[in-house]
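The values are calculated or read from the model by the stated rules, or taken from the named source; none is laboratory data. Just so it is clear, the model here is predicted, and its values are computed rather than measured. Positions of Cβ are generated from backbone atoms using ideal geometry, with glycine treated the same way; all protein chains shown enter the neighbour counts.
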Amino acid sequence: MEALNIFIKSIFIDNMIFAFFLGMCSYLAISKTVKTSMGLGLAVTFVLVITVPVNYLIDKYLLQEGALSWISSSFANIDLSFLSFIIFIAVVAGIVQLVEMFVERYSPSLYAQLGIFLPLIAVNCAILGCSLFMQKRDYSNIGEVFSFALGSGIGWLLAIIGIAAISERLKYINIQPALKGLGIAFIITGLMAMAFQAFSGIKL
Amino acid sequence: MSSTNKQKDPLFGPRDMKLLKTPFSKENPIIVQVLGICSALAVTVKLQPAVVMAISVTVVIMMSNLIISLLRNTIPPRIRIIVQLVVVSFLVIIVDQVLKAFAYDVSKQLSVYVGLIITNCIVMGRLEAFAMGNKPWPSVLDGLGNGLGYGIILVIVGFIRELFGSGTLWDVRIMPEGYVPNGLMVMPAMALILLGIIIWIHRGRNKELQENE
């Protein structure tokens, strides 16, 4: 039940884009057509679902204060959490590389869809941000972490498809030239964020 | 560095000045190159975290530009992204530890966004576009210029949001007693709209930046 609650919450209330502005760069650069945004959104969700639980396990069994006590009780007071940034980004970069090779080998059609986006994802702040939020929020088991990662990915996907659908329509509208492109994209995202605020307070 | 240079470039020539100046307006990392938006919006509810964030990012860009520029001829091109990420995350860990030690309250407010400097596209963008192909001293200046160009937008947005959203500046009350804070200003949505308006004004004044599709 708690996992379901986290899932809904991370899609609508703690939406990665509308509440935390994570992954805005690729969001603004790519979201021109619904098709490419769908590809990017799927790739982000895919990588999130793999990296965040892996980072959770690393954090829990290697980095946290006292996490090493499973090796020997003399390690119980070691706190390696200051290393978490460098370890998390290394895990993300490594897994993105692995996923890319794996998808290329076993699913060429998926690779053709996600291919160009995968390398970009290593430096997408949504991925690292999700891992850092996971560390900050102290989820109690891996199921909750998994639903958090999946929910965040889907929330990101929803946001990027929404903006892409709107900007496809914007082509036919006569916008003030200085506002065209980037300016209007920000304002639309702001209005969408306001709409998403209506979800706040939902609890299952 | 300059002592080993044979042709003796002046330490601060007109080209260096240009490196410092263009990121403020014509090539501003946020509003023109659209890099590093994430942190720019999230830390600007108040002026103080915005300034601290701007300083941290500037330090990280300068130092990473310097290190990568010194290493640029020894990094194999295939693994350069990983090398850059390692250098940047090493610097960010130092910044994070310094903030935790000397500015704990601000570090709490910035929460995960300090860590996210690692994936801030401005840092990676400058490393790829400038430091990989230039000498250390221009790279440091380029880092400084871009850091400050990023900072100026943060400060503008932070100023407006704190003034109208909380009626204070740097936690000192500015607005008169009867002012009712505008709750919308502290919401994430308003940061996006403010940035949109800044871009609007900037492009209105610089016609060559407008997009015509």
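What helices (runs of 4 or more DSSP H) lie completely within segment B:70-136 and have 1 or more residues being in contact with a Phe, Trp or Tyr (Cβ under 8 Å, 6 or more places away or on another chain)?
Counting at least 1 such residues, we get B:80-102, B:112-115, B:121-129.
Contact list please: Cβ distance under 9 Å, first residue in segment B:10-31 and surrounded by fewer than 16 Cβ atoms within 10 Å (Cβ to Cβ) and hydroxyl-bearing (Ser, Thr, Tyr), second residue part of a helix (DSSP H, G or I) and at pLDDT 80 or above, pairs at least six apart or on different chains.
B:Ser25/B:Gly149; B:Ser25/B:His202; B:Ser25/B:Arg205
Residues checked against (1) of a type outside the set (Ser, Thr, Tyr); (2) free of Cβ contacts under 8 Å to residues at least 24 places away in the same chain; (3) surrounded by fewer than 24 Cβ atoms within 10 Å (Cβ to Cβ):
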| position | (1), (2), (3) |
| --- | --- |
| B:Leu127 | yes, no, no |
| B:Asn134 | yes, no, yes |
| B:Pro138 | yes, no, yes |
| B:Leu141 | yes, no, yes |
| B:Asn146 | yes, no, no |
| B:Val155 | yes, no, yes |
| B:Phe164 | yes, yes, yes |
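Name the pairs: first residue in segment A:1-12 and closer than 13 Å to A:Ala149 by Cβ, second residue polar (S, T, N, Q) and assigned to a helix (DSSP H, G or I), Cβ to Cβ under 8 Å, at least 6 apart or on different chains?
The qualifying pairs are A:Ala3/A:Ser147; A:Ile6/A:Ser147; A:Phe7/A:Ser147; A:Ser10/A:Ser147; A:Ser10/A:Ser152; A:Ile11/A:Ser152.
(1) of a type outside the set (A, V, I, L, M); (2) in a helix (DSSP H, G or I); (3) within 14 Å of chain B (Cβ to nearest Cβ): which one isn't true of A:Ser147, the others all being true?
(3)
B:Asp105: of a type in the set (Asp, Glu) and either crowded, with 18+ Cβ neighbours inside 10 Å or in contact with a Ser or Thr (Cβ under 7 Å, 6 or more places away or on another chain) (or both), yes or no? Show your work before the answer.
Numbers: of a type in the set (Asp, Glu): yes; either crowded, with 18+ Cβ neighbours inside 10 Å or in contact with a Ser or Thr (Cβ under 7 Å, 6 or more places away or on another chain) (or both): no.
Here the answer is no, as B:Asp105 does not meet what is asked.
Among what's in segment B:108-119 and is crowded, with 24+ Cβ neighbours inside 10 Å and at the interface with another protein chain (Cβ under 7 Å from one of its Cβ atoms), pick the residue that is modelled with the lowest pLDDT.
Filtering first and then ranking leaves B:Thr119.
Filter segment B:87-102 down to residues that are surrounded by fewer than 16 Cβ atoms within 10 Å (Cβ to Cβ) and either more than 14 Å from every other protein chain (Cβ to nearest Cβ) or of a type in the set (A, V, I, L, M) (or both), then give me how many there are.
Counting residues in segment B:87-102 that are surrounded by fewer than 16 Cβ atoms within 10 Å (Cβ to Cβ) and either more than 14 Å from every other protein chain (Cβ to nearest Cβ) or of a type in the set (A, V, I, L, M) (or both) gives 4.
Look through segment A:134-144, keep the residues that are touching a residue at least 24 places away in the same chain (Cβ under 8 Å) and part of a helix (DSSP H, G or I), and return whichever of them is nearest to the other protein chains (Cβ to nearest Cβ).
Of everything passing the filter in segment A:134-144, A:Gln135 is nearest to the other protein chains (Cβ to nearest Cβ).
Out of all the residues in segment A:159-202, which are part of a loop (DSSP other than H, G, I, E, B) and either more than 7 Å from chain B (Cβ to nearest Cβ) or basic (Lys, Arg) (or both)? Walk me through it before giving the result.
Step one: list which residues in segment A:159-202 are part of a loop (DSSP other than H, G, I, E, B), which gives A:171-176, A:180-181, A:198-202.
Within segment A:159-202, A:Lys171, A:Tyr172, A:Ile173, A:Asn174, A:Ile175, A:Gln176, A:Lys180, A:Ala198, A:Phe199, A:Ser200, A:Gly201, A:Ile202 qualify.
Among the residues of segment A:1-37, what is the count of those that are within 23 Å of B:Pro29 (Cα to Cα) and among the basic types (Lys, Arg)?
Taking segment A:1-37 first, the residues within 23 Å of B:Pro29 (Cα to Cα) are A:16-32.
Then keep just the ones that are among the basic types (Lys, Arg); that gives A:32.
Within segment A:1-37, residues that are within 23 Å of B:Pro29 (Cα to Cα) and among the basic types (Lys, Arg) number 1.
Across segment B:34-65, what is the total count of residues that are more than 18 Å from A:Met24 (Cα to Cα) and in a loop (DSSP other than H, G, I, E, B)?
1
Tally the residues that are in contact (Cβ under 8 Å) with a residue 60 or more places away in the chain, over 30 Å from B:Leu184 (Cβ atoms) and basic (Lys, Arg), restricting the search to segment B:42-81.
Looking only at that region, the number is 1.
Any residue that is away from every other protein chain (no Cβ under 13 Å), assigned to a helix (DSSP H, G or I) and farther than 27 Å from A:Ile127 by Cα - is there at least one of those in segment B:24-32?
yes
So which helices (runs of 4 or more DSSP H) are wholly in segment A:1-107 and hold at least 2 residues that are away from chain B (no Cβ under 14 Å) and of a type outside the set (Val, Ile, Thr)?
Values: elements: A:2-8, A:24-30, A:34-58, A:84-106.
Those helices (runs of 4 or more DSSP H) span A:2-8, A:34-58, A:84-106.
Mind listing just one residue for me: the one in segment B:166-182 that is in contact (Cβ under 8 Å) with a residue 12 or more places away in the chain and among the hydrophobic types (A, V, I, L, M, F, W, C) and, of those, nearest to B:Leu194 (Cα to Cα)?
Ranking the candidates gives B:Leu169 first.
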